[in-house]
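Read through the structure below, which is laid out as C-alpha cells, and then see the notes.
The values are calculated or read from the model by the stated rules, or taken from the named source; none is laboratory data. Nothing here was measured: the structure is a model prediction, and the numbers come from that model. We place every Cβ from the backbone using ideal geometry, glycine too, and count neighbours over all the protein chains shown.
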C-alpha cells in the first residue's frame with residue numbers, strides 16, 4: 001500500500017523557504033543552547049535497515065513454501081500410507097487367509113512270526129474361515145469413509161497453514177508500511193528542524209520552538225526504532241512458519257488493501273456447512289458407525305470349512321481317504337463386548353465433536369461477518385473522509401503560518417494529526433485483512449481474488 005505524500009511534501013517545500021529566508025537575514029546571534037539541541041537531533045544517525053534480510057516474497061510464494069515445509073501438514077499426509085495399506089487388505093476376496101495342512105506318518109505294525117510291517121501314510125488338506133455376518137462389507141465401507149476423512153483433514157490442515165501464513169505475512173507487511181510512513185514523517189520533521197535552527201540563529205524563533213522541533217525529530221526516530229523491533233519479531237514468526245534457515249528473515253511485498261467481498265452472509269453460511277473440517281468430522285462419524293457395525297457383527301462366530309485327502313494302511317491294502325470338515329465356535333463366554341464398547345465410545349465422541357463444531361461454526365461466521373462490516377466502514381471513513389480533511393487542514397495550516405496567523409506548534413500538531421490518521425488507516429486495514437482471513441477460514445471460503 002502506498003499513501004499519497006503530497007500534503008507533507010507541499011508543507012516541506014512551502015515551509016522551508018519561508019523559514020530559510022528569515023534565517024538568512026542574520027540580524028541576531030544564535031542562541032547556543034537551542035542550536036545545540038537541534039544540532040544533536042540532526043546529527044542522530046538514521047535507523048538502519050534490518051538485517052539479515054532476504055529477497056522479498058509474495059503471498060503466493062509464502063503459501064507454496066509453507067505447504068512444502070509445514071510439519072503438521074506433512075504428518076497428516078504421512079498417514080496416507082497406513083490408510084492405503086488397510087484399504088488394500090479390505091479389498092481382498094476374503095479377510096482370512098486359507099490354511100494348508102499336511103502330514104506324513106510312519107507306522108510299524110508287528111506281525112506274528114514275521115518282522116514289523118513298515119507303513120508310510122500321508123495326508124494333506126486346506127481350510128478356509130468365512131465371515132458369515134457381513135463383516136467384509138462393513139470393513140470396506142469403514143475404510144472408504146476413513147480415506148474420505150483423511151482427504152478432508154489434509155485439505156483442512158492445508159487451509160489452516162495458508163491462513164496462518166497469510167496472517168504472518170500481513171503482520172510483516174503492515175509493519176513495513178508503518179515504518180515507511182514514519183520515515184516520510186521523519187524526513188519532513190528533520191527538514192522543519194533544520195529550518196527552525198536557522199530561524200533560531202536569526203533570532204526569528206525562540207528556544208522553545210527550537211527545542212520543540214528537536215524533540216519531535218527524536219520522537220520520530222524512536223518510533224521508527226520501536227517499529228523495527230516489532231518488525232524483526234514479525235519476520236522471525238514468518239520465517240518459523242515457512243521453516244526458513246536460521247537468520248533468514250524474509251521481507252514481503254504486497255498490498256494491505258482488501259477487495260470488496262464477493263459474497264453474502266447466506267453464501268458464507270452455506271459454504272461453512274461444507275467446509276473441510278466438517279466434512280472430515282462427518283466422514284469420521286460415518287467410519288465410526290461402520291466400525292461399530294463391524295464389531296457387532298464380530299459377535300457371530302466364523303465358519304471354518306476344510307477338505308483333506310490322504311492314504312493309510314499297508315502297501316497291500318492301501319486306502320485313500322477324503323474328508324470334509326466344518327467347525328463353528330460357540331459364542332458362550334466371549335461375545336466381543338470390549339470391541340463393541342470401544343467402537344461405541346469412538347462413535348459418541350465423533351458425534352459430539354461434529355455437533356459442537358457445527359454449532360460453533362454458524363455463530364463464528366455471523367460474528368466475524370459483523371466485525372468485517374464494521375471494519376470495512378471504518379476503513380472507508382478513514383480513506384474517504386478523515387484523511388482528506390486532515391490533509392486539507394495541513395495545507396491551510398501552511399498558508400496560515402506564512403500569514404503569521406499560527407505558530408510552529410500548531411503546524412506540528414496538524415502534521416502529527418495527519419500522521420496519526422495514516423497510522424489509523426494502516427491499523428484498520430490490517431485488522432480488516434486479518435478479519436477476512438479468519439472469516440474465510442471459519443466459513444471454508446476459497447478467496448481467489450484477494451489482494452496479494
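Structure above, values below:
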read-out	value
Unmet criterion (only one of (1) touching a helix residue (DSSP H, G or I) at 6+ places or on another chain (Cβ under 8 Å); (2) crowded, with 17+ Cβ neighbours inside 10 Å; (3) at pLDDT below 95) for residue 283	(3)
Options 320, 299, 334: the member that is farther than 30 Å from residue 434 by Cβ, part of a loop (DSSP other than H, G, I, E, B) and without any contact (Cβ under 8 Å) to a residue 24 or more places away in the chain	334
Any hit, the stretch 131-138, residues being touching a helix residue (DSSP H, G or I) at 6+ places or on another chain (Cβ under 8 Å), touching a residue at least 24 places away in the same chain (Cβ under 8 Å), closer than 30 Å to residue 439 by Cβ and surrounded by 13 or more Cβ atoms within 10 Å (Cβ to Cβ)	no
Hits in the stretch 64-97 (condition: surrounded by 13 or more Cβ atoms within 10 Å (Cβ to Cβ) and outside any helix (DSSP H, G or I))	70, 79, 95, 96
Selected residue [in a helix (DSSP H, G or I) and at pLDDT below 90] from 386, 418	418
